[in-house]
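The structure appears right after this line, and notes come after that.
Taken together, the values in this text are just the output of simple stated rules run on the coordinates, not laboratory data. All values reported here derive from a predicted model rather than from experimental measurement. Note that we place each Cβ from the backbone using ideal geometry, even for glycine, and neighbour counts take in every protein chain shown.
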Amino acid sequence: MRRFGVIILAVTTLAIAAQQEAPVRFTNIAAQARIDFKHENGASPQKYMPETMSGGSIILDYNNDGSPDIFLINGGSYTDKQKAAAARHRLYRNNKDGTFADMTAMSGIGVSGYGMGACSADYDNDGWPDLYVTSVGPNKLYHNNGNGSFTDVTDKAGAGSQLWSASCAFGDIENDGDVDLYVTSYVDFSVTNNKYCVYSGEKRVYCHPNVYNGQPDVLYRNNGDGTFTDISKAAGIYRTDGKGLGVVFGDYDNDGLADIYVANDSTPNFLFHNKGKGTFEEVALTAGVAVGNDGQPLAGMGTDMGDIDGDGFLDIFVTNLDRQTHSLYRNLGKGLFADITFESGVGEATLPFVGFGALFLDYDNDTDLDLGIVNGDVIDNVALFRDSTSYEQRKLLLQNDGKGKFRDVAPASGPGFAVKKAGRSLSAADFDNDGDLDLLIGNVGQPAELLRNDGGNAANSLLIRTVGTKSNRDGIGARLKMTAGGRIFLRDVKAGSSYLSQSDLRVHFGLGSAARAESLEVHWPGGGIEKLQDLEANQIITITEGRGVTARAPLRR
Amino acid sequence: MITVQTERAATDLRARILAGESFDALAREHSKDASASDRGFMGTFAPSDLRQELRSALSGLAPRQISPVLRMGSEFFLVQVVDPGEVSWIAENAAAMASLQKGRHAEAVQSFSKAVQLAEKFGANDDRLGESLNGLAEAYRLQDNFAGVASVSRRMLSIRWSASSNMGDAAVADLVDRFADVLSLAYFRGGPLDQALKRYQDALIKTPANEALYLAMSSLLVKAELTAEADDVMRRAVTAFPASRRVRYKEAEMYRDSGKMQKALETFQAASQMKAPPSMPADLDRLQLSFIYQRMGGINTDLVQFDAAIAAYKKAVEISPDNADARVALGDVYLRRGQQVEALAEYTRVLQAHPDRALPHYRFADANLQMGRFSEAAASAERALKIDPKERKARYVRGMALLRMGRAEEGRKELEEYRNQEAAAQTELNDRRAVLVSNRGASVLVLEGKNEEAVAAFRKSLASHPGASSLRLNLGLALSMAGRNREAITTLQAMIDGGISDDFVVFRCLAREYAAIKDDPTSQKYSALYLSKIDEALEQELR
């Protein structure tokens, strides 16, 4: 009898422990998925800055088969020509069985310069997502030929910035039906201009960006004929006081026009308010999103926009250095933001970390947007000088309690979050179409990671793919408002965010326990509003502008 | 004799003298009598020359013994019999001073030299010896006898910075010289610096120094980014003075400044358990202890150990309730925790005690801004700015508060002003960084043997940063290393003549360059100047 009682106690204890442990776990399955990419950063004693800043990774469905594929951007080497030549970007096709196939060879995507990041959109609305790759040196625009190959059309398109470019994003700034392109530019580093920086008078280290001059970002307007025009000055975004690393499009003031937020490294961030007709006004300072809460300009690497409190306005998150905190700005409406970094719990959680890629995502499908962040120091030999930090750092998963407070649950979220890496890029997609968001991570000088989400789909969700007809073909910039369980959720179709990253264009909604979405409004960039009713949960739905739902498929839960 | 107005003052002074303080120094500082400037020396008298009260007070007193407090009329006195040996010194020193004032420099040198001989009997560390040595140095200087000045200065340096076991040892001055050489070559690690370091380390091993010298050297090495060397000197200080709380405190600060936070925390913790020297006044002891806990609070905040930070700051203000900085920092930690009400309470307490300080007004404003109390935030930020218009963070807070209050025009204007101030500060910071980086880059060229390129690189950087003394110094050194001594002299001389720098390192380097071209008199002149400058610089580090 006593023994039976003991067994019951043990089982009960285990059950309680299981409940207390986070139900969602992430596991790195890159190896078993056959993603064998290791980023080449060409680390050298000369400490060339790009060696520590690169490591982009993006998600795109390049073959339109409904399963997200992966494009990993390689770096290169300034001291070893062989390494430089071998540092190819890699395109991986999703085989839909948990593995990926390396399709680089047939892609036609070559090596040029020292790669940084990329973004993807169907810039010519031909039905196939194209690719823009940023570099230290000439960027490249690759046109998707629709047969697994790409063609370098940079010169023809007129979109090959020669500056050190970092993140890029596509967005339709004039709602004219084709996507335009914003490319951040970092600093005027070059091999011949490489500065000599040391820490504590002894060891050479990667330089602080303030020993270089900032470079102006570039805004390319899509001319609709396969070419782009640099309209940076005419648009009012030309600035020489920024050191752009992260960018995201988002309509923060709900006026139907895509605005642009740029994270600048160690200088005030930019918020370009879209005034219409392709013109912008920089308003970050007065909006309250330029600097930290005490007026101090912070590092500014990765960024994302999302509605964290369900009030219908996009909030902004930016990653910074350790001892600065990453910043969370809540949108108050009327063009103003409040810095809620500390009161939200984000401040304390992020203080010890140097953050790069960051995303708003509902990882546990409980309806509110959480935060995923990858971290890693800039100085690879930092342990020689500081005893309270390390080059490789763990990732953060900040769970939103729905009331504006965030708590780091990474330590309880599986082995994928426990490992320390020199993290840089972070993108999200439901790679296995099972109803929860998986994560793709680029690490500088290290293998990429693919973190599979297990358990997130215990709650319900919907994946929405938008297809524009009057609007740009991907529906980039479309605002989706879903009502479920009596609440309204807001998500935008984004092509580029975080740091050197782009997530799946399909929009993911966690629905919690709601078995259906009562309604979904799609506000197309072209101006139309489409309203759909009664959408059953746990589907992948394609909505075509003007035609409603044109495809459905169940999620593989 | 010391003359004061109240019995309380006389009693206090007597207690201090009995505790070991100098009668002469206290006489100079506190006595109302005309003899104060002469250290209270009245002269020599026969007993019959004195008033009865004085005769009684002096009766039975041994030389240097102090009398009880004596009242004559409405004043109070302390008297001390001067040692016969001291009488001679006093007379000789006074005569030397008089010669100096009358411009009779040769006589002054003679008299001061005799005074030095007499004062040597008081001990190597006695301030009377120091006074005569100072006078002698000045007399030599007025004669342009820089060899003499240098010799005396080296002696004073040795006395001031030596340990009790080797008081006045000339090797201490040599140690200081080698230290100066290391600092001058800070950018040339891997070449000339390594040789200078070897010589310096040899001297450190052989020559004990006092606590103050170790601490001053360590501090200057940290500033020169010679962190490992600073650490080594500090190790020696800890070994030589294991019970010194000041040494541990400075050790902890060194770790903190070089990024070793955990070590800094451990060391501050150790310091907090150590006792102050018996002669330290109780209130100073409390203040020091409060600072230690304040520093621990700061490090714990950096390490995101907020509970420990709060505990440390609370201890700091418990020990010294007047420690305003610790209380503001405590408020800041509360704010980081989202405990806005507690933060406000701390800032309010500081403001009640220090309404004239900008920082607490600014922090109070920031807390109110975060709490959505925009009117209070704007008002408090405005008060901060009235006290310090350069407090740009307060300007930012005020601007944001005004915007949130709907006063858009004013808010924008304030933010525009903030933007300009921030840009100016950033430009200054960037310039400093650029100088640092240029120095490093050009110095590496020297180490690679590319002297011409190095000189060109230094000159190019100087064109953009003409006031950067470190660039100019390193250019001078690069020219010297290339054997271009006259050009080195021109470069270094321009620093002094142009008011760009009066750093002891520049004088030291100039002395060496003039010696290299066999201009000994000028070399000696700069040598003498270097010695007085380095003495000041070491002293400055301890403040």
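Let me spell it out: the conditions are (1) of a type in the set (Gly, Ala, Ser); (2) out of contact with any strand residue (DSSP E or B) (no Cβ under 6 Å at 6 or more places or on another chain); (3) assigned to a strand (DSSP E or B), and A:Ala105 meets all of them except one. Which number is the exception?
So the condition that A:Ala105 fails would be (3).
Can you tell which of A:Asp176, A:Asp155, A:Asp172, A:Asp97 is of a type in the set (Asp, Glu) and buried (at least 20 other Cβ atoms within 10 Å of the Cβ)?
When all the criteria are applied, what remains is A:Asp172.
Taking into account only those residues within segment A:127-150 that are assigned to a loop (DSSP other than H, G, I, E, B) and touching a residue at least 60 places away in the same chain (Cβ under 8 Å), which is farthest from A:Ile73 (Cα to Cα)?
Restricting to residues being assigned to a loop (DSSP other than H, G, I, E, B) and touching a residue at least 60 places away in the same chain (Cβ under 8 Å), the top hit is A:Gly127.
(1) away from every other protein chain (no Cβ under 14 Å); (2) in a helix (DSSP H, G or I); (3) polar (S, T, N, Q): which one isn't true of A:Thr229, the others all being true?
(2)
Test each condition in (1) within 13 Å of chain B (Cβ to nearest Cβ); (2) surrounded by fewer than 24 Cβ atoms within 10 Å (Cβ to Cβ) for A:Val346 and report the one that comes out false.
Evaluating A:Val346 over (1) within 13 Å of chain B (Cβ to nearest Cβ); (2) surrounded by fewer than 24 Cβ atoms within 10 Å (Cβ to Cβ) leaves (2) as the failure.
Given the residues B:Leu415, B:Leu403, B:Leu471, which is the only one that is part of a helix (DSSP H, G or I), more than 10 Å from chain A (Cβ to nearest Cβ) and touching a helix residue (DSSP H, G or I) at 6+ places or on another chain (Cβ under 7 Å)?
Going through B:Leu415, B:Leu403, B:Leu471 in turn, the sole match is B:Leu471.
Only one of (1) surrounded by fewer than 23 Cβ atoms within 10 Å (Cβ to Cβ); (2) on the phi > 0 side of the Ramachandran plot; (3) within 14 Å of chain B (Cβ to nearest Cβ) fails for A:Gly312. Which number is that?
Going through the list (1) surrounded by fewer than 23 Cβ atoms within 10 Å (Cβ to Cβ); (2) on the phi > 0 side of the Ramachandran plot; (3) within 14 Å of chain B (Cβ to nearest Cβ), A:Gly312 breaks only (3).
Do you know which of the residues in segment B:299-309 that are touching a Lys or Arg at 6+ places or on another chain (Cβ under 8 Å), over 13 Å from B:Gln269 (Cα atoms) and not acidic (Asp, Glu) is nearest to the other protein chains (Cβ to nearest Cβ)?
Looking at residues that are touching a Lys or Arg at 6+ places or on another chain (Cβ under 8 Å), over 13 Å from B:Gln269 (Cα atoms) and not acidic (Asp, Glu), I get B:Phe306.
Could you identify the single residue in B:Thr427, B:Thr490 that is out of contact with any helix residue (DSSP H, G or I) (no Cβ under 8 Å at 6 or more places or on another chain) and away from every other protein chain (no Cβ under 12 Å)?
B:Thr490
Report yes if some residue within segment A:357-374 is away from every other protein chain (no Cβ under 14 Å) and over 30 Å from A:Ala459 (Cα atoms); otherwise report no.
No, segment A:357-374 has no match at all.
Which of the helices (runs of 4 or more DSSP H) found entirely inside segment B:1-74 contain at least 3 residues meeting this: touching an Asp or Glu at 6+ places or on another chain (Cβ under 6 Å), polar (S, T, N, Q) and over 23 Å from B:Phe122 (Cα atoms)?
Once the helices (runs of 4 or more DSSP H) in segment B:1-74 are filtered for at least 3 residues that are touching an Asp or Glu at 6+ places or on another chain (Cβ under 6 Å), polar (S, T, N, Q) and over 23 Å from B:Phe122 (Cα atoms), nothing remains.
If you go through segment A:317-324 one residue at a time, do you hit one that is among the charged types (D, E, K, R), surrounded by 23 or more Cβ atoms within 10 Å (Cβ to Cβ), within 13 Å of chain B (Cβ to nearest Cβ) and touching a helix residue (DSSP H, G or I) at 6+ places or on another chain (Cβ under 8 Å)?
Taking every residue of segment A:317-324 in turn, none turns out to be among the charged types (D, E, K, R), surrounded by 23 or more Cβ atoms within 10 Å (Cβ to Cβ), within 13 Å of chain B (Cβ to nearest Cβ) and touching a helix residue (DSSP H, G or I) at 6+ places or on another chain (Cβ under 8 Å).
Give segment A:113-158 a look and list any residue that's among the small types (Gly, Ala, Ser) and in contact with a strand residue (DSSP E or B) (Cβ under 6 Å, 6 or more places away or on another chain), or say none.
Within segment A:113-158, A:Gly113, A:Gly115, A:Gly117, A:Ala118, A:Ser120, A:Ala121, A:Ser135, A:Ala157, A:Gly158 meet the criteria.
Evaluate the following for B:Arg104: is it on the phi < 0 side of the Ramachandran plot and in contact with a strand residue (DSSP E or B) (Cβ under 9 Å, 6 or more places away or on another chain)?
no
Assuming B:Ala377 fulfils every condition listed in (1) within 10 Å of chain A (Cβ to nearest Cβ); (2) hydrophobic (A, V, I, L, M, F, W, C); (3) touching an Asp or Glu at 6+ places or on another chain (Cβ under 9 Å) apart from one, which condition is it?
The number of the failed condition is (1).
Name the residues in segment A:255-301 that are more than 10 Å from every other protein chain (Cβ to nearest Cβ), free of Cβ contacts under 8 Å to residues at least 60 places away in the same chain and either among the charged types (D, E, K, R) or in contact with a Lys or Arg (Cβ under 9 Å, 6 or more places away or on another chain) (or both), would you?
Passing the criteria: A:Asp255, A:Asp259, A:Asn264, A:Phe270, A:Lys275, A:Glu281, A:Glu282, A:Gly300.
For the condition in contact (Cβ under 8 Å) with a residue 12 or more places away in the chain, within 25 Å of B:Val182 (Cβ to Cβ) and either at the interface with chain A (Cβ under 10 Å from one of its Cβ atoms) or acidic (Asp, Glu) (or both), what is the one hit in B:Ala442, B:Ala482, B:Ala454, B:Ala478?
Checking each option against the conditions leaves just B:Ala442.
List every residue pair whose Cβ atoms sit under 8 Å apart, with the two residues 6 or more apart in sequence or on different chains, where the first one lies in segment A:351-374 and is touching a residue at least 24 places away in the same chain (Cβ under 8 Å) and the second, anywhere, is among the basic types (Lys, Arg) and not in a loop (DSSP other than H, G, I, E, B).
If the second residue must be among the basic types (Lys, Arg) and not in a loop (DSSP other than H, G, I, E, B), the pairs left are A:Phe356/A:Arg424; A:Gly357/A:Arg424; A:Thr367/A:Arg487; A:Val374/A:Lys421; A:Val374/A:Arg424.
Can you find a residue in segment B:518-539 that is assigned to a loop (DSSP other than H, G, I, E, B) and either farther than 30 Å from B:Ser162 by Cβ or hydroxyl-bearing (Ser, Thr, Tyr) (or both)?
Checked segment B:518-539: at least one residue is assigned to a loop (DSSP other than H, G, I, E, B) and either farther than 30 Å from B:Ser162 by Cβ or hydroxyl-bearing (Ser, Thr, Tyr) (or both).
Please count how many residues of segment A:180-201 are assigned to a loop (DSSP other than H, G, I, E, B) and at the interface with chain B (Cβ under 7 Å from one of its Cβ atoms).
Number of matching residues: 4.
With respect to the numbered conditions (1) within 14 Å of chain B (Cβ to nearest Cβ); (2) surrounded by fewer than 18 Cβ atoms within 10 Å (Cβ to Cβ); (3) in contact with an Asp or Glu (Cβ under 9 Å, 6 or more places away or on another chain); (4) of a type in the set (D, E, K, R), which one is the sole condition not fulfilled by A:Arg239?
Of (1) within 14 Å of chain B (Cβ to nearest Cβ); (2) surrounded by fewer than 18 Cβ atoms within 10 Å (Cβ to Cβ); (3) in contact with an Asp or Glu (Cβ under 9 Å, 6 or more places away or on another chain); (4) of a type in the set (D, E, K, R), only one is false for A:Arg239: (2).
Do we find that A:Ile379 is crowded, with 21+ Cβ neighbours inside 10 Å, β-branched (Val, Ile, Thr) and within 14 Å of chain B (Cβ to nearest Cβ) in this structure?
yes
Counting only residues that are surrounded by fewer than 22 Cβ atoms within 10 Å (Cβ to Cβ) and among the hydroxyl-bearing types (Ser, Thr, Tyr), give me the strands (runs of 3 or more DSSP E) lying completely in segment A:433-497 with at least 1 of them.
Strands (runs of 3 or more DSSP E) meeting the threshold: A:479-484.
Look through B:Arg178, B:Arg199, B:Arg189, B:Arg160 and report the one residue that is among the charged types (D, E, K, R) and within 14 Å of another protein chain (Cβ to nearest Cβ).
Testing whether each residue is among the charged types (D, E, K, R) and within 14 Å of another protein chain (Cβ to nearest Cβ) leaves just B:Arg189.
Based on this model, can you work out whether B:Ala252 counts as away from chain A (no Cβ under 11 Å) and touching a residue at least 60 places away in the same chain (Cβ under 8 Å)?
no
Go through (1) over 29 Å from the mean Cα position of the chain (by Cα); (2) surrounded by fewer than 16 Cβ atoms within 10 Å (Cβ to Cβ); (3) more than 11 Å from chain A (Cβ to nearest Cβ); (4) under 28 Å from B:Glu342 (Cα atoms) one by one and return the number of the condition B:Pro389 breaks.
So the condition that B:Pro389 fails would be (1).
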